[in-house]
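Please treat every number below as a calculation from the coordinates, not as lab data. All values reported here derive from a predicted model rather than from experimental measurement. Backbone-built Cβ (ideal geometry, glycine too); neighbour counts: all protein chains shown.
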Amino acid sequence: MATTSSAHQPSRAEAEVVDLVSRLIRFDTSNTGDLATTRGEKECAEWVASQLQEVGYETTYVESGAPGRGNLFARLPGADPDRGALMLHGHLDVVPAEPADWSVHPFSGAVEDGYVWGRGAVDMKDMVGMMIAVARRFKAEGIVPPRDLVFAFLADEEAGGTYGSQWLVRHRPDLFEGITEAVGEVGGFSLTVPRPDGTERRLYMVETAEKGLGWMRLTAKGRAGHGSFLHEENAVTILAQAVARLGTHTFPLVVPDSVAEFLAAAGEETGLDFDPTSPDLEGTLAKLGSIARIVGATLRDTANPTMLDAGYKANVIPQTAEAVVDCRILPGRLAEFERTVDELIGPDVTREWITSLDSYETTFDGDLVDAMNAAIEAHDPLGRTVPYMLSGGTDAKAFAKLGIRCFGFAPLQLPPELDFAALFHGVDERVPVEALRFGTRVMEHFIMHS
Ligand SMILES: [Zn+2]
């Protein structure tokens, strides 16, 4: 039983959102991680500005550290200017897509079979479209939210925000003046779970925590030499052994508060045993479907070797060999993680962090969480919000440094059979049209009760 819009008159925002998302997707804002080849953010930000200016907003366009890295800000005054502002933030960049792999062109924004198709449909031009739709309606119809709203459209999230949120927080903190709370991506989507009595429940996953991210370079130094001689100090061999030990290591099971709360709620609804001490916790999680890939990744630290580099000729033993390891670390675990890595790589390999972004965790309580609950319950009688931790990262990591309390809440009611997790950075990324309309209704309700 889905909440349908057939019984009510769609608001201006609901009527616009699908077209806005489709048009956003048609801007190719592929972020390659390389300044020379990343494009489109400026043009996309300027288009967002035109959509907001059309209804009377003043907008601020800011480039974050390099030409073309466009960000856009707009403010809407609320009824009580003494309360802290609420920021809604969305990134305009997307990861690249290979058109040959897709059923539709990834930058077509096609609206077909009840979906909007294209790169960014769920990550995260869906929420960007909802933000624009809501912002336009509020301004055009003179709707005054209870507190000031800040709409932020950002560059470079997909490469860690170096030329986006991280730069803005460091160089332009004035743009975030007065903001106490924020909502952004990778939360608010529904996970349908079966109940013991044969009915269903939709859990809306609110992101309250993020693992830390660290890209680590390992370097082994040996002795250069001829490939035909006996040789005990081969940097390639030393490095390969360290990489293999680290890559096959299983870090201990740890259950942070946000994960424990998710497991308790999932257990309550499904009747399954998600006791964190149960020896087959990961097996039971798999019964929830693809969400197990996300939740399972928040039960341990991980260290996945991703790059290897050594040598230049088949018969020359090189002096050094290097690897890069993608590390994802739970809140409070960094020191212990580093100790374990040092033991595993041994004394002949050195390590350095080439990128590191701290973990983040907030509690699932307070007025803003109440507003999320109220909005979901008002629009989905089968809905219940639950907190969870994201194994990846978002711009929230940067905003948290300013003391802003961050949540992932981009509401979408999804069909149970849709493998939502697989759509992120995946082929045939798409978002249901009805989910966008639902999300817009929920977002409006949420803001008006925030
Ligand atoms: Zn994203």
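A few notes on this one:
- Taking the Kirkwood radius as Rh and the Cα radius of gyration as Rg, the range 324-450 has a ratio of Rg/Rh equal to 1.07.
- The range 18-93: Cα Rg divided by the 2.2 N^0.38 Å rule of thumb: 1.25
- Charging the Cβ of each Asp and Glu at -1 and of each Lys and Arg at +1, and nothing else, the dipole of the chain about its Cα centre rounds to 620 debye.
- Subset of K211/K287; K211/K401; K211/K397; K139/K397 violating a 20 Å alpha-carbon distance limit: K211/K287; K139/K397
- With the simple spin-label model, which puts each label point 7 Å out from Cα in the Cβ direction, the Q241 to T277 separation comes to 4.0 nm.
- When the range 212-357 is reduced to its Cα atoms, the Kirkwood hydrodynamic radius in Å: 17.3 Å
- Filtered trypsin sites (Lys or Arg not before Pro), the range 269-354: DSSP coil and at most 16 other beta carbons within 10 Å: K287, K313
- Span from the the range 381-438 Cα centroid across to the the range 46-112 one, whole angstrom: 17 Å
- Computed about the Cα centre, the dipole magnitude for the range 65-105 is approximately 220 debye when only Lys and Arg (+1) and Asp and Glu (-1) carry charge, each at its Cβ.
- If you wrap the chain in the convex hull of its Cα atoms and look at it from every side, the mean projected area works out to 23.5 nm².
- From phi via Karplus (6.51, -1.76, 1.60), per-residue ³J(HN,Hα) for the range 318-325 in Hz, x at Gly/Pro: x, 7, 9, 9, 10, 9, 10, 10
- For the chain, the relative contact order works out to 23 percent when only alpha carbon pairs closer than 8 Å and six or more residues apart are counted.
- For K313, a cut-off of 17 angstrom between C-alpha atoms picks up these aspartates and glutamates, skipping any fewer than 8 places away in its own chain: E322.
- Using alpha-carbon coordinates, inclination of helix 12-25 to the longest axis of the chain, degrees: 30 degrees
- Placing R0 at 41 angstrom, the Cβ-Cβ distance between Y61 and E377 gives a FRET efficiency of 0.60 after rounding to 0.05.
- Of all segments of the chain bounded by GluC sites (Glu not before Pro) found in a DSSP loop with no more than 13 other C-beta atoms within 10 Å, the longest spans 233-416.
- Qualifying lysines (Cα of each under 17 Å from Cα of K42; at least 8 residues distant if same chain): K125
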